[in-house]
Amino acid sequence: MDLVEIFGNHIYKNVQDRPKRTLRELTFIYSAAGTALKYFAPREMLPARKYMQWATSESAITPLRHPERSALVSLYLPCEILHAAGISQMFPEALACYLAAAKSERAFIETAERNGVPRTLCSYHKAFMGLMESGVLPRPKMIINTSLACDVNHLSFMRAEEFYGVPRFMIDVPYEYNERNLDQLTARLRDMKSFVEQNTGRPVDEAGLKEATDRSRETLRNFRRIVELRRDRYIPDEMTSNMLSLFGTHVMLGTGEALKYSRDLLRQLEKRPPERKGVRLLWVHTLPYWQDSLKQIMNFTDRVEIAACDITLDTIHIDLDQEDPYRFMAERLIRNTSNGPGMNRVEAALNYARALDADGVVWFCHWGCKQTAGSSAMAREYLEKNGFPTLILDGDGCDHQNVNDSQTVTRMEAFLELLESKK
């Protein structure tokens with residue numbers, strides 16, 4: 001039994017009786033892990049990745065330390081208004097990811113299920129709700145969420161609103177992209193600013209908001225260039241790295257840390273010689289980066305690399321010259337590749353696979369995610385018709401006990417052998 005597993009067992013035994021102590025222990029472990037990865041990460045890892053390991057850890061820990069200056073948010077929420085207001089963000093996917101990394105998610109998933117949450121629900125949100133209802137997750141100042149992409153999202157945030165008794169602001173993202181819907185969504189984001197001001201008692205600095213959205217534009221431009229470079233530049237990498245980029249183009253977008261990460265990653269890629277090693281994959285949806293069996297196949301190997309994760313790139317195609325901060329944020333919501341018909345995401349995946357010159361696509365069906373699973377058959381047919389072999393891989397991005405390691409390994413190995421035979 002390794003140290004992480006010992007710690008997970010410790011959390012499991014103590015969470016019900018000592019929630020405040022559990023929060024302190026989890027916060028300490030996350031902080032220590034982030035610092036260790038910043039300075040003592042695997043030597044093969046790019047310096048930009050090492051920095052972002054620390055930055056994402058600090059982003060997740062800050063609202064736990066100062067919940068009175070935090071907002072509970074959904075993954076796709078444009079957070080520049082919150083950055084300008086000095087409000088940190090906690091969000092279910094990050095909380096659950098850190099629990100999984102510490103092998104501590106089981107106690108909280110079981111808490112949620114005992115409280116009536118269906119077993120079939122997304123494990124990220126079950127872990128989040130269990131963290132909340134066990135008394136470990138502190139009470140945020142406010143809640144802000146969107147309707148985008150995640151079916152469970154709205155239900156879990158309504159539950160959080162009732163549990164904490166704090167004000168909640170909801171942004172309903174229109175299904176279709178047109179000028180009228182874009183205007184309505186832009187106005188709704190201005191209402192979000194008023195909501196934040198009302199609940200903090202302080203005005204949101206418009207100059208600070210513009211600075212944040214300017215950082216967002218540059219970050220997304222850098223990721224456009226990163227995609228171009230990744231077409232013919234190999235990186236010794238690990239599965240976790242793609243989750244770091246996901247933070248940088250979502251909840252952390254608009255921060256100095258996300259901008260620094262994109263700049264550093266771009267510079268470090270530009271210095272690498274053009275070369276390809278092994279099989280190149282586009283990964284669709286979240287990654288089970290903690291799963292040892294997949295780590296042994298995917299991490300720091302010349303055999304295979306994940307060129308990108310589609311969620312990281314889901315808004316790099318929008319109008320980055322849009323000067324109105326609110327309209328710029330609205331475009332990111334309504335034109336997100338996960339909004340609208342399922343074919344939007346499938347076609348985006350094809351475009352990414354072509355841009356990255358990928359050898360194949362892994363379409364990961366995370367437990368409880370109806371949207372990704374529901375479009376998987378259509379995605380495979382369309383992607384393979386256009387020349388990209390596709391593996392539909394069922395799994396769980398959060399719950400250690402909800403995966404079949406041997407089946408996962410068998411299917412991934414067979415897929416890699418197929419792609420290798422085509423090279």
* Heavy-atom accessible area of ARG332 with all protein chains present, probe 1.4 Å, nearest 10 Å²? -> 20 Å²
* Express the relative contact order of the chain as a whole percentage, based on alpha carbon pairs under 8 Å and six or more residues apart in sequence. => 18 percent
* Please list, in chain and number order, the residues 5+ apart from GLY360 or on another chain whose amide H is under 5 Å from its amide H, with Hs placed from the backbone. => ARG280, LEU282
* To do: Calculate, axis by axis, the spread of Cα positions in the chain along the three principal axes, and write the results as whole Å, longest axis first.
  => 61, 53, 41
* Structure fact -> From highest to lowest solvent-accessible area (probe 1.4 Å; ligands, DNA and RNA excluded), VAL403, VAL279 read VAL403, VAL279
* **Accessible area of the chain divided out per residue, in Å², using a probe of 1.4 angstrom** => 40 Å²
* Please list, in chain and number order, the residues 5+ apart from ASP396 or on another chain whose amide H is under 5 Å from its amide H, with Hs placed from the backbone. => TRP367
* For region 266-423, which whole percent of the accessible surface, found with a 1.4 angstrom probe, sits on carbon and sulfur atoms? -> 47 percent
* Under 17 Å from the Cα of LYS271, which aspartates and glutamates turn up, not counting those fewer than eight places away in the same chain? -> GLU44, GLU228, ASP232, ASP237
* Structure fact -> From the cross-link list LYS50/LYS103; LYS141/LYS370; LYS103/LYS277; LYS20/LYS126; LYS210/LYS260, the entries with a Cα-Cα span beyond 27 Å are LYS141/LYS370; LYS103/LYS277
* Structure fact -> With every protein chain kept in place and a 1.4 Å probe, the residues ARG106, ARG49 fall, from largest accessible area down, as ARG106, ARG49
* Within the accessible area of region 63-187 (1.4 Å probe), percent carbon and sulfur -> 51 percent
* Heavy atoms of CYS150: accessible area, 1.4 Å probe, square angstrom to 10 -> 40 Å²
* Asked: How much accessible surface does LEU266 have with a 1.4 Å probe, in Å² rounded to 10?
  -> 20 Å²
* List every residue whose amide H lies under 5 Å from the amide H of GLN89, counting only residues 5 or more places away in sequence or on a different chain, with H placed 1.01 Å from N in the peptide plane. => ALA71
* Structure fact -> Summing +1 per Lys or Arg and -1 per Asp or Glu among the other residues with Cβ less than 15 Å from THR111's Cβ gives +1
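The values are calculated or read from the model by the stated rules, or taken from the named source; none is laboratory data. The shown structure was predicted, so the numbers you read here are calculated from the model rather than taken from an experiment. Note that each Cβ is placed from the backbone with ideal geometry, even for glycine, and that neighbours are counted across all protein chains shown. Calculation scope for accessible area: heavy atoms of the full protein, side chains included, ligands and nucleic acids excluded. Shrake-Rupley method; radii C 1.70, N 1.55, O 1.52, S 1.80 Å.
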